[in-house]
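Reviewing the structure listed below.
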Amino acid sequence: MEINYTFIIPHKDSQQLLYRCINSIPQREDIQIIVVDDNSNNKNFDMSFFTERHVELVLSDKSLTAGGARNVGLDRAKGKWILFADADDYYVPNFLSVLDSYTSLYVDIVFFDVDDSTHPKITFSRYHQSIKRQNKDDIVYLKYGMTNVWCKMFRASMINRYNIRFECSKKGNDVLFTLLTSFYSKHITIVNTKLYCYTYLKKSITYSPKSLMDYVEMYKRQIKYNYFVCNVGARILRWSTSRFVFYTLKECGIIGFLNFWTYFWKHKKDIYSCRSSYLNVLAKTKNNQGEDILPE
């Protein structure tokens, strides 16, 4: 039978939550579920569960990062549509019956709302507002401002045409993927319904303690992001340096704050040398298609 949906789930050391996530996906013949384990400490999976649910489990004996795991899933994907879930999150009941009505539309990305009500740290208020209002600025924000992938459904042919993949970085691996898929999407549609539950897991890589170099990589990602959105006409979403100043002060305390900015001033030239990295990837994908590198 033809596969309509491929669900790609990177996993590391959260087996019980992974089973919950998989159980939230309906058992249908037109669904492919790929779990890519990122070298978990405990590899004693319930194989009967995966067999019963027809889940493809890919085990890695080396660290892939979530981005690398997603890339492995993309290389195995057979569905017309691709969805990405985090192992500690889950879908709401009957979510697929909602998405089913959008699969025949000529669109490249389907955006849907997210339930973040149980999360103690993050509320996606701007995303919720943009999903509801859907004005011109909201569309720009949805495409280039919301850099998470689990709130979107992607047409596989678009991803494959431009060979779009995730960065294999420790954090923020989905930023480049989101920017490129949004740039290449000719048509999008928006579902004003909460279909995905974003949960809080304290041991998640998102909330694990950050080192000095983690903050350096975050700032470099901000620089690359800014340079990209300014060059594709989405300048209104540019992240400010002052915002990062306050962020590091809040997260690191005064000592960590001083350590980061001392490092930054010593290595400023090297840090800023990365600014065109995302645009270079865009240029490469466009050149492969024989198109102009950037719009006028």
Inset, instruction - Give region 52-71 a look and list any residue that's part of a loop (DSSP other than H, G, I, E, B) and over 16 Å from R20 (Cα atoms), or say none. - result: S60, D61, K62, S63, L64
Legend entry - Total residues in region 178-200, condition outside any helix (DSSP H, G or I), within 21 Å of A283 (Cα to Cα) and open to solvent by less than 20 Å² (accessible area, probe 1.4 Å): 1
Inset, instruction - Count, please, the residues in region 146-195 that happen to be basic (K, R) and farther than 25 Å from I122 by Cα. - result: 4
Legend entry - Verdict on V175 being touching a strand residue (DSSP E or B) at 6+ places or on another chain (Cβ under 6 Å) and surrounded by 15 or more Cβ atoms within 10 Å (Cβ to Cβ): no
Inset, instruction - Go through the residues of region 41-48 one by one and say whether even a single one is open to solvent by 60 Å² or more (accessible area, probe 1.4 Å) and closer than 23 Å to C197 by Cα. - result: no
Inset, instruction - Please identify the pairs in which a residue from region 91-108 that is under 11 Å from I25 (Cα atoms) has its Cβ atom under 6 Å from the Cβ atom of a residue that is open to solvent by 40 Å² or more (accessible area, probe 1.4 Å) and in a loop (DSSP other than H, G, I, E, B), counting only partners at least 6 apart or on another chain. - result: L96/P26
Inset, instruction - Collect the residues in region 8-51 that are closer than 23 Å to R155 by Cα and either assigned to a loop (DSSP other than H, G, I, E, B) or among the aromatic types (F, W, Y) (or both), keeping them in residue-number order. - result: S24, I25, P26, Q27, R28, E29, D30
Legend entry - Selection from region 225-252 of residues that are open to solvent by 30 Å² or more (accessible area, probe 1.4 Å), touching a Lys or Arg at 6+ places or on another chain (Cβ under 9 Å) and either closer than 17 Å to S276 by Cα or free of Cβ contacts under 8 Å to residues at least 24 places away in the same chain (or both): Y227, C230
Inset, instruction - Could you name every one of the helices (runs of 4 or more DSSP H) located completely within region 79-141 that has at least 2 residues being surrounded by 13 or more Cβ atoms within 10 Å (Cβ to Cβ) and of a type in the set (A, V, I, L, M)? - result: 95-99, 136-140
Inset, instruction - Would you check if there is a residue in region 145-156 being in contact with a helix residue (DSSP H, G or I) (Cβ under 6 Å, 6 or more places away or on another chain), modelled with pLDDT under 95 and assigned to a helix (DSSP H, G or I)? - result: yes
Inset, instruction - Search region 40-53 for residues that are free of Cβ contacts under 8 Å to residues at least 40 places away in the same chain and pair each with any residue that is open to solvent by 30 Å² or more (accessible area, probe 1.4 Å) and small (G, A, S) when their beta-carbon atoms are under 8 Å apart and the residues are at least 6 apart or on different chains. - result: none
Legend entry - Some residue of region 263-273 being open to solvent by 30 Å² or more (accessible area, probe 1.4 Å), part of a loop (DSSP other than H, G, I, E, B) and either within 30 Å of L83 (Cβ to Cβ) or of a type in the set (G, A, S) (or both): yes
Legend entry - Single unsatisfied condition, I33 versus (1) touching a residue at least 60 places away in the same chain (Cβ under 8 Å); (2) farther than 22 Å from G172 by Cβ; (3) buried (at least 20 other Cβ atoms within 10 Å of the Cβ): (1)
Inset, instruction - Could you tell me whether Y106 is modelled with pLDDT of 95 or more, over 15 Å from N192 (Cβ atoms) and of a type in the set (F, W, Y)? - result: no
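The values are calculated or read from the model by the stated rules, or taken from the named source; none is laboratory data. Because the structure is predicted, anything quoted here is derived from the model rather than measured. Using ideal geometry, Cβ is built from the backbone for each residue, glycine included, and neighbour counts are taken over all protein chains shown. Accessible surface is based on the protein model in full, side chains and every heavy atom, while ligands, DNA and RNA are left aside. Shrake-Rupley method; radii C 1.70, N 1.55, O 1.52, S 1.80 Å.
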